[in-house]
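Below: one structure, written as structure tokens.
The values are calculated or read from the model by the stated rules, or taken from the named source; none is laboratory data. Fair warning: this is a prediction, and the values are worked out from it, not measured in the lab. All Cβ positions, glycine included, derive from the backbone under ideal geometry; neighbour counts span all protein chains shown. Ligands, DNA and RNA are excluded from the accessible area calculation, which covers all protein heavy atoms including side chains. Shrake-Rupley method; radii C 1.70, N 1.55, O 1.52, S 1.80 Å.
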Amino acid sequence: MTGTDIAHAARLLQQGKLVAMPTETVYGLAANALHARAAAKIFEAKGRPSFNPLIVHVHNANALTRYALQVPKLVHQLCEKFSPGPITYVLPKSPLIPDIVTAGGDSVAIRIPAHPVAQQLLQMLDFPLAAPSANPSGYVSPVSAAHVAEQLGAKVSYILDGGLSAVGLESTVIRIENETIRILRPGAITREMLAVYAPVEDALKPEGKAVHASPGQLASHYAPRVPVVLGDAAVLASQYKDRKVGFITLQTLSPRGDLTEAAQNLFSRMRELDTTADIIVAQLMPDHGLGVAINDRLRRAAAEK
Ligand code: TXA
Ligand code: MG
């Protein structure tokens, strides 16, 4: 069932059930992060491999300190600037967090979402929420309640509707290593924004080979069912002229060439083309700012399954 009753969602979560919640990045599939059996339901509903850890959502920086054993000064600084918002910090895990949430690892990924509905929900609860994106493992992330309902509707107790996700791409995931910020997954908090605070290193080499990748950064991810080919849209259009081609370019995502708008539209467009086209032709965005995160998703969508 879909609705806007935050108190109802809170009660279901208190009972150890699964609730889809809106965030400013994408919708999350949430459960009590302190309750191993509730968290286990997330892996089952998504078909998520058990080696892929979950993000823990908290409502403020104090709660963040509670679930991390230690929080570097740099993270406090970043938090002040970028949280609540689309950034996730990988930190040493407190024993309060069950092993299943971190896939047995000794670090925990924590995020403070900015979406007002997620904020209100977290404030009603005395536990944090483990929540990956609310899509079947490997498929495109949902940016609306309807997207969640299409695929996971039967597997969640409630879908909390908070409208379209404003950012449209999953959060930037970072880890601090020797005073350096390592970007494990690019997102709306860009390398340029982070570089003001400390040296930044990407987990991904230009050719897309993961070096210190997040466990969940499998090459193929965020992928529609129809094939996605990357390249020059005009060249590929003539190459595939006998097929029903769907195009993803900066132009088709944002006629005025705005990367923020392009990010907002990316996953909705992928889902739409997955039902209307039989091949998707995608042309990479300019490789700066949000373009880096969009290109990361496009490359993964095009990677071999
Ligand atoms: O914007 C988002 O981050 C959304 C919303 C719902 O918050 N969540 C999301 O979760 O995208 P998910 O599970 O789809 O992606 C989480 C990413 C995965 O790539 C996972 O491997 C990585 O974060 N991750 C989680 N815990 C980690 C850890 N302890 N160390 C390194 N990477 C971690
Ligand atoms: Mg995901």
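Going by what's in this entry, would residue 27 be described as touching a residue at least 60 places away in the same chain (Cβ under 8 Å), aromatic (Phe, Trp, Tyr) and touching a helix residue (DSSP H, G or I) at 6+ places or on another chain (Cβ under 7 Å)? Taking the combined requirement at face value, the residue satisfies it. Filtering 56, 19 for residues that are away from ligand 2 (no atom under 13 Å from the Cβ), touching a residue at least 12 places away in the same chain (Cβ under 8 Å), under 16 Å from residue 97 (Cβ atoms) and β-branched (Val, Ile, Thr) leaves a single hit, 56. State yes or no: is residue 159 more than 13 Å from ligand 1 (Cβ to nearest atom) and more than 18 Å from residue 221 (Cβ to Cβ)? So residue 159 passes the test. The residue pairs whose first member lies in the range 73-97 and is among the aromatic types (Phe, Trp, Tyr), whose second member is within 11 Å of ligand 1 (Cβ to nearest atom), and whose beta carbons are closer than 6 Å, counting only pairs six or more residues apart or on different chains, are 82/189; 89/110.
With respect to residue 68, determine if the residue is among the small types (Gly, Ala, Ser), farther than 30 Å from residue 196 by Cα and surrounded by 21 or more Cβ atoms within 10 Å (Cβ to Cβ). No, not satisfied.
Every listed requirement among (1) at pLDDT below 95; (2) on the phi > 0 side of the Ramachandran plot is met by residue 16 save one, (1). Looking at 236, 266, just one residue is modelled with pLDDT of 90 or more, in contact with a Lys or Arg (Cβ under 8 Å, 6 or more places away or on another chain), among the hydrophobic types (A, V, I, L, M, F, W, C) and in a helix (DSSP H, G or I), and that residue is 266. From the set of residues in the range 101-120 that are in a loop (DSSP other than H, G, I, E, B) and farther than 16 Å from residue 68 by Cα, which is least open to solvent (accessible area, probe 1.4 Å)? Of everything passing the filter in the range 101-120, 113 is least open to solvent (accessible area, probe 1.4 Å). Give the range 148-174 a look and list any residue that's open to solvent by 20 Å² or more (accessible area, probe 1.4 Å) and assigned to a helix (DSSP H, G or I), or say none. Those that are open to solvent by 20 Å² or more (accessible area, probe 1.4 Å) and assigned to a helix (DSSP H, G or I): 149, 150, 151, 153, 154, 155.
Restricting the range 121-134 to residues that are part of a loop (DSSP other than H, G, I, E, B) and within 8 Å of ligand 1 (Cβ to nearest atom), the residue that is surrounded by the fewest Cβ atoms within 10 Å (Cβ to Cβ) is 132.
Out of the range 183-204, which residues are surrounded by fewer than 19 Cβ atoms within 10 Å (Cβ to Cβ) and not aliphatic (A, V, I, L, M)? Scanning the range 183-204 gives 191, 192, 197, 199, 201, 202.
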